[in-house]
Amino acid sequence: MDYEERITAAEAANNEIVAETTLRPQKLSEYVGQKKATDNLKIFIEAAKLRGEPLDHVLLYGPPGLGKTTLMLQIVDEVNKQKDGTALIFSMAESQAQLIHRMQQMNISCDRVVIDDTSHPTAEYMQTRIKQARNVSILCIDYLQLLEQAVAEKLIEISEKYGIPIVVNGILPRGFENYGQTGDPEQCSVLEQ
């Protein structure tokens, strides 16, 4: 494959797959530069396990390529190790095949994971999938921004109805990390939604 073909190829080249596999963290302890965040997440997961309760909701946000989806999959793995149930992932960012491939690279079992890559799921559709998957222990949304606002606003309602914790990945608007300093209420409404 020449350079021009490689730039436009839809599939990753073998050397890219090898590089991605060796660079992607396999477990929380392998994250570089995120010690405080991963330590807090380990405590968060362990505390839920010791209490015998489901995990609380988790919001993972940051720029593309930061590792949000990888971290979400590690949370799924931890929850599935601790609790019988099924992880239901709605991925608008990656296809089912891509997520399965990523999980295999990370040595995460796909046995109790249902991945739905429907591009614009409705709240009703999500609830139907929860019922079909049976015994859902965690609900994951991979990219919040790709959900319609009306659906995003119903996530907590769905979570409460079925008693399922939610892990949401998203890219927040520029400047959001400074919300506490600016006090801009418009930025706060983004997170609430």
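The values are calculated or read from the model by the stated rules, or taken from the named source; none is laboratory data. For clarity, every value in this text was computed on a predicted model and none was experimentally measured. Positions of Cβ are generated from backbone atoms using ideal geometry, with glycine treated the same way; all protein chains shown enter the neighbour counts. Quick note on the areas: whole protein, heavy atoms, side chains included, nothing else; ligands and nucleic acids left out. Shrake-Rupley method; radii C 1.70, N 1.55, O 1.52, S 1.80 Å.
Can you tell me which lysines have their Cα less than 21 Å from the Cα of LYS154? Leave out same-chain residues fewer than eight positions away. In chain and number order, the partners are LYS131. If you wrap the tightest convex hull around every Cα atom of segment 29-80 and split its volume per residue, you get 79 Å³.
Taking a ≥ b ≥ c as the square roots of the Cα gyration tensor eigenvalues, with a/c under 1.5 meaning rounded and otherwise prolate when a/b beats b/c, else oblate, which class fits segment 19-113? Here segment 19-113 falls in the oblate category. Across segment 94-171, the convex hull enclosing all Cα atoms gives 97 Å³ per residue. Of the whole protein surface, LEU146 contributes about 80 Å² of accessible area at a 1.4 Å probe radius. Placing unit charges on the Cβ atoms of the charged side chains and taking the dipole of segment 28-180 about its Cα centre, the candidate lying farthest along the positive direction among ILE43, GLN96, GLY163 is ILE43. Modelled spin-label separation between ASP116 and ASP84, with each label point placed 7 Å from Cα along the Cα-to-Cβ direction: 2.4 nm. According to the square roots a ≥ b ≥ c of the eigenvalues of the Cα gyration tensor, what is the shape class of segment 62-105, taking rounded for a/c under 1.5, prolate for a/b larger than b/c otherwise, and oblate for the remainder? Because a/c hits 1.5 or more and a/b exceeds b/c, segment 62-105 counts as prolate.
Where nothing but the Cβ of Lys and Arg (+1) and of Asp and Glu (-1) is charged, how large is the charge dipole of segment 29-114 around its Cα centre, in debye to the nearest 20? Around 120 debye, computed over segment 29-114. Annotation for ILE100 and ASN135: the two label points, set 7 Å from Cα along the Cα-Cβ direction, are 2.2 nm apart.
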